[in-house]
1. Being of a type outside the set (V, I, T), in contact with a helix residue (DSSP H, G or I) (Cβ under 8 Å, 6 or more places away or on another chain), surrounded by 10 or more Cβ atoms within 10 Å (Cβ to Cβ) and over 24 Å from G15 (Cβ atoms), is that true of even one residue in segment 53-74?
2. Here are some conditions: (1) at pLDDT 90 or above; (2) in a loop (DSSP other than H, G, I, E, B). P71 meets all but one. Which one does it not meet?
3. Cβ-Cβ distance below 6 Å, separation of 6 or more or different chains: which pairs start in segment 6-20 with a residue that is in contact (Cβ under 8 Å) with a residue 40 or more places away in the chain and hydrophobic (A, V, I, L, M, F, W, C) and end on one that is assigned to a helix (DSSP H, G or I) and surrounded by 19 or more Cβ atoms within 10 Å (Cβ to Cβ)?
4. Would you point out the residue of segment 11-50, among those that are in a helix (DSSP H, G or I) and either of a type in the set (V, I, T) or at positive phi (or both), that is surrounded by the most Cβ atoms within 10 Å (Cβ to Cβ)?
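The values are calculated or read from the model by the stated rules, or taken from the named source; none is laboratory data. No experiment lies behind these values; they were computed from the predicted model shown. Ideal geometry is used to build each Cβ from the backbone, glycine not excepted, and the neighbour counts take in all protein chains shown.
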Amino acid sequence: MKGLLLNALLGLGLGRFGSVWGLPVFLPVVAVELAYGFHVHHLSAGGGLRRGAALLICGQLGFLLGALLRPLPGER
């Protein structure tokens with residue numbers, strides 16, 4: 001759950017203030033969350049794939065929401 005929140009907030013920040021080139025930042029966060037899940041919760045390979053996909057999708061949706069929050073060029 002903490003990984004989903006972290007990815008959503010990271011995606012919002014990157015979408016609002018960053019660019020699409022900052023998206024590889026999600027990969028280490030997902031890798032650490034998956035390693036934690038394998039070690040502590042003894043996830044199977046299928047469970048790890050589902051959790052990894054959910055984390056990446058959550059980050060991407062946060063990025064899209066952040067991109068929608070950008071001001072339009074004529075708004076300033």
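1. Looking through segment 53-74, none of the residues is of a type outside the set (V, I, T), in contact with a helix residue (DSSP H, G or I) (Cβ under 8 Å, 6 or more places away or on another chain), surrounded by 10 or more Cβ atoms within 10 Å (Cβ to Cβ) and over 24 Å from G15 (Cβ atoms).
2. For P71, the failing item is (1).
3. A8/C58; A8/G62; L12/G62; L12/G66; L14/F63
4. Restricting to residues being in a helix (DSSP H, G or I) and either of a type in the set (V, I, T) or at positive phi (or both), the top hit is V30.
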